[in-house]
1. Filter the stretch 93-121 for residues that are touching a helix residue (DSSP H, G or I) at 6+ places or on another chain (Cβ under 7 Å) and at pLDDT below 95 and give the result.
2. Can you name every residue in the stretch 40-55 that is open to solvent by 60 Å² or more (accessible area, probe 1.4 Å) and either under 19 Å from residue 117 (Cα atoms) or at pLDDT 95 or above (or both)?
3. Considering only residues that are in a strand (DSSP E or B) and either more than 13 Å from residue 79 (Cα to Cα) or without any contact (Cβ under 8 Å) to a residue 24 or more places away in the chain (or both), look in the stretch 7-23 and name the one that is farthest from the chain's Cα centre (by Cα).
4. Assess whether residue 76 counts as being open to solvent by 40 Å² or more (accessible area, probe 1.4 Å) and of a type in the set (Ser, Thr, Tyr).
5. Can you name the condition, by its number, that residue 48 falls short on among (1) out of contact with any Cys (no Cβ under 9 Å at 6 or more places or on another chain); (2) touching a residue at least 40 places away in the same chain (Cβ under 8 Å); (3) under 21 Å from residue 2 (Cα atoms); (4) of a type in the set (Val, Ile, Thr)?
6. Residues to consider are 74, 97; find the one that is in a helix (DSSP H, G or I) and either of a type in the set (A, V, I, L, M) or free of Cβ contacts under 8 Å to residues at least 24 places away in the same chain (or both).
7. Name the residues in the stretch 100-121 that are part of a loop (DSSP other than H, G, I, E, B), touching a residue at least 40 places away in the same chain (Cβ under 8 Å) and over 14 Å from the mean Cα position of the chain (by Cα), would you?
8. Does residue 113 satisfy the criteria of being polar (S, T, N, Q), within 26 Å of residue 2 (Cα to Cα) and either open to solvent by 60 Å² or more (accessible area, probe 1.4 Å) or in contact with a Leu (Cβ under 7 Å, 6 or more places away or on another chain) (or both)?
Amino acid sequence: QVQLVESGGGLVQAGGSLRLSCAASGRIFRINVMGWYRQAPGKERELVALITDDGSTNYTDYVKDRFTISRDNAKSTVYLQMNTLKAEDTAVYYCNARLQTGQLTRARTYWGQGTQVTVSS
């Protein structure tokens, strides 16, 4: 059983900052990729940022230079530092991890329950 638990969401004024955390727990052999997605009301879920186990990162264009993704492999935790937040960043943010539960098992994708981020203009 694997769980991803997010924290750090909330209400912030435009121009402010928030830091999201997501901790993976349970039977984990290796976490290949961790990332953050978001879903605004009436829109599809979209990628925000990804980070691989060797630290390579990928960001969607509209958060580059504002958001930073990082991870602590020892804690199986991924972070998203969000600066200069805009009203259009308002969404539910979901943690995502592609991981193996055993050395010979195929990697699967797991999701957190989501955390609300609301940016007031």
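The values are calculated or read from the model by the stated rules, or taken from the named source; none is laboratory data. Predicted model, so just to flag it, every value in this text is computed and none were measured. Cβ atoms come from the backbone with ideal geometry, glycine included; neighbour counts cover every protein chain shown. What goes into the accessible areas is simple: the full protein's heavy atoms, side chains included, and nothing from ligands, DNA or RNA. Shrake-Rupley method; radii C 1.70, N 1.55, O 1.52, S 1.80 Å.
1. The one that is touching a helix residue (DSSP H, G or I) at 6+ places or on another chain (Cβ under 7 Å) and at pLDDT below 95: 121.
2. Within the stretch 40-55, 41, 42, 43, 44, 45, 46 meet the criteria.
3. Out of the qualifying residues, it is 13.
4. No.
5. Answer for residue 48: the failing condition is (3).
6. Checking each option against the conditions leaves just 74.
7. Filtering the stretch 100-121 down to residues part of a loop (DSSP other than H, G, I, E, B) leaves 101-107, 112-114, 121.
Narrowing the set further to residues that are touching a residue at least 40 places away in the same chain (Cβ under 8 Å) leaves 101-103, 105, 107, 112-114, 121.
Within the stretch 100-121, 101, 102, 103, 105, 107, 121 meet the criteria.
8. Judged against the criteria, residue 113 is a match.
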